[in-house]
């Protein structure tokens, strides 16, 4: 692991994060070594002296593999492999293996397969791969070996996979684009849950579904593991007779490999379609600041920093000091476990995604039951009185219904 002059993440945080990533694929980190360099060495990643130290320690501990906390170039991999005769893994291969275990939908499988193929292409002959797998789970170590003897044939096979999967993805993305256009035409606001992986986004989605009386079948997969989901899940929420779409997508991690960002770009760009972003953060984590920076950097990468955003301080119940606040950003203490401020979160979403609500006083003749039905179904009712010739309503309702109600208006707009 290198600490470079451009690296603003705490070294202890990076070690812990790498341990968690490796644990997800069944690899136990027994020892860590890091070096401060201005930039990675082009030949060995670390300095030549440090790589010798790493070799000596690996032999003394009899480890099965070395894991590097950056993506190694093919040149670096070649020289390290020639010097140290054990399995070599880098950050990208570890994350690819995690993704391969988690991918469930056809879209995620194709996206991952493209990322894996692009990673493997320049490393043919250096790392043995089971190139015939199409989305099956990985998780094993990548050992050196004979591999494909005909490297050019292997390259053509990989290129063919990339082309085939890309065509499949185009069809899937076209269908998604049509769905997005349909959602936009329905004028239903979109609220996106974003955040560092395993911060509690999916659990928050389930909590909001539960709190608004949603069907259990709407619940999404939520588990205490990194990258529990790679797919965008969308659920319609009804709150105070106001509908919004709640989306949950892939979690973030520091130095998410660029080829994964590129492959999952359409998935990540769902965030850019949102009217409101809820940035879920594990506020009990000692690495809160680092994880916040990671999320903000990813939002910047997909062009979503200009969106209205709420920082949701999740797992607030685990704090010893429950008077902590975050200055400079709009935030809300929150806990799925204790239901802390679940109602306030829903109220916030309601207020921020219903800017076109208008307040009216109406007198509806008893003969116009269709209008009464519209009001009962779509409006928030503050007052309802049965008078001699009509039903009097004091309501708040989406402005788009005003043309149906204007005839019955008592005092005009109140707001």
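The values are calculated or read from the model by the stated rules, or taken from the named source; none is laboratory data. Everything quoted here is computed from the prediction, not taken from an experiment. Cβ: placed from backbone, ideal geometry, glycine included. Neighbour counts: every protein chain shown.
So, of the residues in region 387-406 that are loosely packed, with under 12 Cβ neighbours inside 10 Å and out of contact with any strand residue (DSSP E or B) (no Cβ under 8 Å at 6 or more places or on another chain), which turns out to be farthest from residue 353 (Cα to Cα)? Filtering first and then ranking leaves 388. With the structure loaded, tell me whether residue 414 is farther than 30 Å from residue 278 by Cα and either modelled with pLDDT under 90 or outside the structural domain of residue 316 (by TED's automatic domain parsing) (or both) or whether it fails that test. Yes, satisfied.
Quickly run through region 65-77 and pick out the residues that are buried (at least 17 other Cβ atoms within 10 Å of the Cβ), touching a residue at least 24 places away in the same chain (Cβ under 8 Å) and either farther than 23 Å from residue 23 by Cα or more than 22 Å from the chain's Cα centre (by Cα) (or both). Full working, then the answer.
Initial filter on region 65-77 (buried (at least 17 other Cβ atoms within 10 Å of the Cβ)): 66-72, 76-77.
Remaining after also requiring touching a residue at least 24 places away in the same chain (Cβ under 8 Å): 67-72, 76-77.
67, 68, 72, 76, 77 - these are the residues of region 65-77 that are buried (at least 17 other Cβ atoms within 10 Å of the Cβ), touching a residue at least 24 places away in the same chain (Cβ under 8 Å) and either farther than 23 Å from residue 23 by Cα or more than 22 Å from the chain's Cα centre (by Cα) (or both).
With the requirement that a residue be within 15 Å of residue 241 (Cβ to Cβ) and in contact with a helix residue (DSSP H, G or I) (Cβ under 9 Å, 6 or more places away or on another chain), what does region 385-410 give you? 393, 395, 397, 398, 401, 405, listed by residue number.
Criterion first (over 17 Å from residue 242 (Cβ atoms), in a strand (DSSP E or B) and either under 33 Å from the mean Cα position of the chain (by Cα) or not assigned by TED's automatic domain parsing to the domain that holds residue 210 (or both)) does residue 312 satisfy it? Here the answer is yes, as residue 312 does meet what is asked.
Quick check on residue 88: is it buried (at least 21 other Cβ atoms within 10 Å of the Cβ), in the same structural domain as residue 44 (by TED's automatic domain parsing), within 25 Å of the chain's Cα centre (by Cα) and at pLDDT 90 or above? Outline the logic, then answer.
Values: buried (at least 21 other Cβ atoms within 10 Å of the Cβ): yes; in the same structural domain as residue 44 (by TED's automatic domain parsing): yes; within 25 Å of the chain's Cα centre (by Cα): no; at pLDDT 90 or above: yes.
So residue 88 fails the test.
Go through the residues of region 27-39 one by one and say whether even a single one is surrounded by 19 or more Cβ atoms within 10 Å (Cβ to Cβ), assigned to a loop (DSSP other than H, G, I, E, B) and in contact with a helix residue (DSSP H, G or I) (Cβ under 6 Å, 6 or more places away or on another chain). So far as region 27-39 goes, no, none of its residues is surrounded by 19 or more Cβ atoms within 10 Å (Cβ to Cβ), assigned to a loop (DSSP other than H, G, I, E, B) and in contact with a helix residue (DSSP H, G or I) (Cβ under 6 Å, 6 or more places away or on another chain).
Filter region 208-219 down to the residues that are in contact with a helix residue (DSSP H, G or I) (Cβ under 6 Å, 6 or more places away or on another chain) and assigned to a helix (DSSP H, G or I), then identify the one that is modelled with the lowest pLDDT. It would help to see each step written out before you state the result.
So in region 208-219, the residues in contact with a helix residue (DSSP H, G or I) (Cβ under 6 Å, 6 or more places away or on another chain) come out as 209, 211, 218-219.
Cutting the leftovers down to assigned to a helix (DSSP H, G or I) gives us 209, 211, 218.
Numbers: 209: 96, 211: 95, 218: 86.
In this case the residue turns out to be 218.
The lone criterion from (1) within 30 Å of residue 410 (Cα to Cα); (2) touching a strand residue (DSSP E or B) at 6+ places or on another chain (Cβ under 6 Å); (3) free of Cβ contacts under 8 Å to residues at least 60 places away in the same chain left unmet by residue 350 is number (3). As a summary of the residue check, residue 327 satisfies the conditions (1) within 20 Å of the chain's Cα centre (by Cα); (2) at pLDDT below 90 except for the one numbered (1).
Can you tell me which of 221, 196 is closer than 17 Å to residue 251 by Cβ, surrounded by fewer than 19 Cβ atoms within 10 Å (Cβ to Cβ) and in the same structural domain as residue 263 (by TED's automatic domain parsing)? Of the residues listed, the single one that is closer than 17 Å to residue 251 by Cβ, surrounded by fewer than 19 Cβ atoms within 10 Å (Cβ to Cβ) and in the same structural domain as residue 263 (by TED's automatic domain parsing) is 221. Of the residues screened, residue 88 is not one that is at negative phi, free of Cβ contacts under 8 Å to residues at least 40 places away in the same chain and outside any loop (DSSP other than H, G, I, E, B).
The condition of being without any contact (Cβ under 8 Å) to a residue 24 or more places away in the chain and farther than 30 Å from residue 194 by Cβ holds for only one of 373, 394, that being 373. Among all residues of region 40-47, there is at least one that is more than 35 Å from the chain's Cα centre (by Cα) and not assigned by TED's automatic domain parsing to the domain that holds residue 255. Every listed requirement among (1) in contact with a helix residue (DSSP H, G or I) (Cβ under 6 Å, 6 or more places away or on another chain); (2) surrounded by fewer than 20 Cβ atoms within 10 Å (Cβ to Cβ); (3) part of a strand (DSSP E or B) is met by residue 244 save one, (2).
Summed over region 249-277, residues that are at pLDDT 85 or above, closer than 16 Å to residue 180 by Cβ and surrounded by 21 or more Cβ atoms within 10 Å (Cβ to Cβ) total 2.
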